[in-house]
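Nothing in this text is a laboratory measurement; each read-out follows from the coordinates by a stated rule. Bear in mind that the values here come from a model prediction, so they are computed numbers and not experimental data. Cβ: placed from backbone, ideal geometry, glycine included. Neighbour counts: every protein chain shown.
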Amino acid sequence: MPAPWQEIVNKIDDYRWEIPQSYKQGMSVPGLIFASESMLSHIWEENAFQQVANVAFLPGIVGRSLAMPDIHWGYGFPIGGVAATRIKDGVVSPGGVGFDINCGVRLLRTNLTEEEVRPKIEQLVAELFTNIPSGLGSKGKIRVNKKELDEVLTKGSRWVIEKGYGEAEDIVVNEEEGCMKGANPDKVSSKAKKRGIPQLGTLGSGNHFLEVEVVDEIYDSDAATAMGISDIGQVLVLIHTGSRGFGHQVCSDYVALLGEAVKKYGINLPDRQLACAPVKSPEGRDYLAAMACAANYAWTNRQCIAHWARESFVKVFGKSLRELGMEQIYDVAHNIAKIEEYPIGGKKETLCVHRKGATRAFPAGHPDIPNIYKNIGQPVLIPGDMGRCSYIALGTETAMKESFGSTCHGAGRVQSRAAAKRSLRGADVARTLAARGITVKAGSIGSLAEEASEAYKDVTEVVDITHKAGISRKVARAIPIGVIKG
Amino acid sequence: MEKDFDIVNHTADVGIIAYGADISQAFANAAKALFSLITELDDVEEVLYQDIELTAPDEKSLLVEWLNELIYLFDADGIIFKRFDITELNNTRLKARSYGERVDSLKHRLKTGVKAATYHMLKIDKDNGCKVQVLFDI
């Protein structure tokens, strides 16, 4: 019997599946899912097709409502969704960014090898766990007052680097140079600020983590060299976190506010969580100004954590930062809306590109990427789950043409947290990981089961699809040897 | 009503269905369901209370705002609530007194971080008592 989705989608090729505009009345554009055939049944079962179709209702949406291969069912927008709207007559939707604004990933290199780190991994993981606040309800070690928080919100990671948390060079290899323009703290509620002050410099809980990893495959050695990755066995540090309670509150505030804007501007939506307002309306502009504050908060947060990670390595290995070569490779956002230009119907259009669980993937030569990567393209950092691997990839021209300069962001859940917890015990997960040479320290043992490999799609399958479809290309793979989690 | 609420698990999020003889009780049980996701309510004592007054454009928004206010109080002030007295509730206005205590890491095991209540699949069903459904981003 054919699967139910087979009657709906048009197969474009092995990695591209179109949901026609006729699928649901009210869609302004078709949908497009980047996936393998074997993934589609699961995507269908959890109703994510419907969500891709619902996003196609947004006024001013252009091209197609896109889904990356790590798509999974979200609220309103699917996770792994990309939608671009014209700024002249289109909308911006906080739900198209998500609650964890600028949840993202930062990657640091080291000069260390697996052989040097393995004997000290227990000590290193313990030191990282002590030095980096993590877990539900944790508070940061960095103290900011209200005035200083406003500076964080407008200046981004530069502010905290000036306080001694990191190197000036870190800013260069950071999306938006760690500071999104247009941030206005006056557009952020006092509630968001109250949540933000104590949580700056915390990893958080859930799927957020810091990972010590080892390069185990290099697919493009020239590009890897440009990123400071020279050999298999080289140790890297990956940080995955976002804007914490600050971003959550900004999103909650604006979903409520834009719910009213929907009525004011007479917008017809199939799901209230898609609440939006014209990009150029006061409500739309205010959201973007508040979102930029949350993006800057998140970059500052990752900057603090990177600083404490560096400190921990210095302490455990008794070498200077310079000797350790702990430079930042790149930092990317996974949940964000950006104003970018693309050719639409032969004309240059300014668009608001919503990436919710998707990574910007600009090609070589793009003006918005740092000089050192001009010839190779923008690094794309794709974390997997704790037990498998993560990937370093690059943006491509195909991404510019087909996916508004976007690609996948991670593995994508396939199992609910409760189902994972029911089928696995945290202690068993820790033992399995230890048997595979991965040392884990978590604030809560339950969170280990929730985030076990079994709960996720295989990140390799996800990354291979984006590679074969051409919207990003693989450079290297790394496997974890030490993980800290909230 | 035999039970106060059910938890419904989704791939990346978690939903609750809360029951009540009337809408006030369903709203109170939705709040209880929220805190049951965060910690074991049996470990929480009623040592303080907080009054909450909210307005929203409609009943569904009021439900989301109510739960988001409680998430805010947990995240910003570290308070876990376990009992909710809703003293006034109409389409656009809610008044409640919520009882609980401050988080004590020795006493309370925090289970799940709840980011926010969403409007996705939000339902208020008033046939035969009251039933409300809310999806949380966790």
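Could you pull out the trypsin sites (Lys or Arg not before Pro) across the stretch B:58-114 that fall in loop regions by DSSP (anything but H, G, I, E, B) with no more than 15 other Cβ atoms inside 10 Å?
Answer in residue order: B:K107, B:R109.
In degrees, nearest 10, range 0 to 90: what is the angle between the Cα axis of helix B:23-38 and the longest Cα principal axis of chain B?
In chain B, helix B:23-38 runs at an angle near 30 degrees to the longest axis.
Could you check the spin-label model distance between A:S189 and A:R422? Points 7 Å from the Cα along Cα→Cβ, value in nm.
Taking the simple label geometry, A:S189 and A:R422 are separated by 3.4 nm.
So what are the ³J(HN,Hα) numbers for the stretch A:451-456, from phi and the Karplus equation (6.51, -1.76, 1.60; θ = phi - 60°), rounded to whole Hz, Gly and Pro as x?
Values per residue, Gly and Pro as x: 9, 5, 3, 4, 7, 10 Hz.
In terms of the Cα gyration tensor, with a ≥ b ≥ c the square roots of its eigenvalues, is the stretch B:87-138 rounded because a/c is under 1.5, prolate because a/b exceeds b/c, or oblate? All intermediate terms of the calculation are to be shown ahead of the outcome.
On the way: a/c = 2.49, a/b = 1.52, b/c = 1.64.
Because a/c hits 1.5 or more and a/b fails to exceed b/c, the stretch B:87-138 counts as oblate.
Scattering from the C-alpha atoms of chain B alone, worked out with Debye: what is log10 I(q)/I(0) at q = 0.14, 0.19, 0.20 1/Å?
Log-scaled intensity ratios, in q order: -0.57, -1.10, -1.23.
Would you calculate, for chain A, the mean residue ellipticity at 222 nm contributed by helices, counting each DSSP H stretch of 4 or more residues as -39,500 (n - 2.57) and dividing by all residues, to the nearest 500? Spell out each step's value before the answer.
Numbers: 17 runs with 170 residues, N = 486.
Taking each H run of at least 4 residues, the total per residue is -10500 deg cm²/dmol.
Label the stretch B:1-50 by shape, choosing from rounded, prolate and oblate, from the square roots a ≥ b ≥ c of the eigenvalues of the Cα gyration tensor; if a/c is under 1.5 it is rounded, and otherwise prolate applies when a/b is larger than b/c, oblate when it is not.
Working: a/c = 2.04, a/b = 1.15, b/c = 1.77.
Taking the square roots of the gyration eigenvalues as a ≥ b ≥ c, the stretch B:1-50 is oblate.
Pairs A:K457/B:K111; A:K141/A:K374; A:K315/B:K107; B:K3/B:K95; A:K155/A:K280: which are spaced more than 26 Å apart, C-alpha to C-alpha? Provide the component values of the computation, followed by the final result.
Numbers: A:K457/B:K111 24 Å; A:K141/A:K374 37 Å; A:K315/B:K107 33 Å; B:K3/B:K95 24 Å; A:K155/A:K280 24 Å.
Long pairs (Cα-Cα over 26 Å): A:K141/A:K374; A:K315/B:K107.
Cα to Cα, under 18 Å, and not fewer than 8 places away if on the same chain: which aspartates and glutamates meet these conditions relative to A:K120?
Qualifying aspartates and glutamates at Cα under 18 Å: A:E211, A:E213, A:E311, A:E323.
With each label point set 7 Å from Cα along the Cα-Cβ vector, what nm distance links B:R109 and B:V47?
Roughly 2.0 nm, to one decimal.
Per the Kirkwood formula on distinct C-alpha pairs, the Rh of chain A is how many angstrom?
Numbers: mean 1/r = 0.0449 Å⁻¹.
Every distinct Cα pair counted, the radius reaches 22.3 Å.
Please give the peptides A:99-105, A:270-276 ranked by average Cβ packing (other Cβ atoms within 10 Å per residue), highest first, as a rough proxy for protection. Let's see the in-between values first.
Working: A:99-105: 27.9, A:270-276: 24.3.
Highest mean packing first, the order is A:99-105, A:270-276.
If you average the C-alpha positions of the stretch A:30-55 and of the stretch A:160-184 separately, how far apart do those two centres end up, in angstrom?
The distance from the Cα centre of the stretch A:30-55 to that of the stretch A:160-184 comes to 36 Å.
Between A:I339 and A:D222, what is the label-point separation in nm under the 7 Å Cα-to-beta-carbon projection?
Between A:D222 and A:I339, the label points sit 3.7 nm apart.
If one takes the longest principal axis of the Cα atoms in chain A, at what angle in degrees, from 0 to 90 and to the nearest 10, does the Cα axis of helix A:244-264 lie?
Helix A:244-264 sits roughly 10 degrees off the main axis of chain A.
When DSSP beta bridges are limited to those with both residues in chain A, what percentage is antiparallel, rounded to the nearest 5?
Details: 70 of 77 bridges.
Counting DSSP beta bridges with both partners in chain A, the antiparallel share is about 90 percent.
Tell me the angle of helix A:121-131 to the major Cα principal axis of chain A, expressed in degrees between 0 and 90 and rounded to the nearest ten.
Taking the Cα atoms of chain A, the angle to A:121-131 is about 70 degrees.
Using a 10 Å cut-off around each Cβ, can you sort A:S93, A:S190, A:S281, A:S390 from fewest to most neighbouring Cβ atoms? Before the final figure, lay out the partial values.
Details: A:S93 32, A:S190 10, A:S281 17, A:S390 25.
Neighbour counts put them in this order, fewest first: A:S190, A:S281, A:S390, A:S93.
Find the centroid of the Cα atoms in the stretch A:417-486 and in the stretch A:276-320, then give the distance between the two in whole Å.
24 Å
Would you please classify the overall shape of the stretch A:195-261 from the alpha carbon gyration tensor, given that a ≥ b ≥ c denote the square roots of the eigenvalues, rounded means a/c under 1.5, and beyond that prolate means a/b larger than b/c while oblate covers the rest? Intermediate results must be reported in sequence, preceding the final value.
On the way: a/c = 4.12, a/b = 2.41, b/c = 1.71.
Verdict is prolate for the stretch A:195-261.
Which whole number gives the average, over all residues in A:248-261, of C-beta atoms from other chains lying within 10 Å of the residue C-beta? All intermediate terms of the calculation are to be shown ahead of the outcome.
Details: counts 9, 7, 0, 4, 12, 3, 0, 7, 7, 0, 0, 7, 3, 0.
Whole-number average of other-chain Cβ neighbours for A:248-261 is 4.
Amide H of A:L32: which non-local residues (sequence gap of 5 or more, or other chain) have their own amide H closer than 5 Å, using H built in the peptide plane?
A:I19, A:S65, A:L66, A:A67
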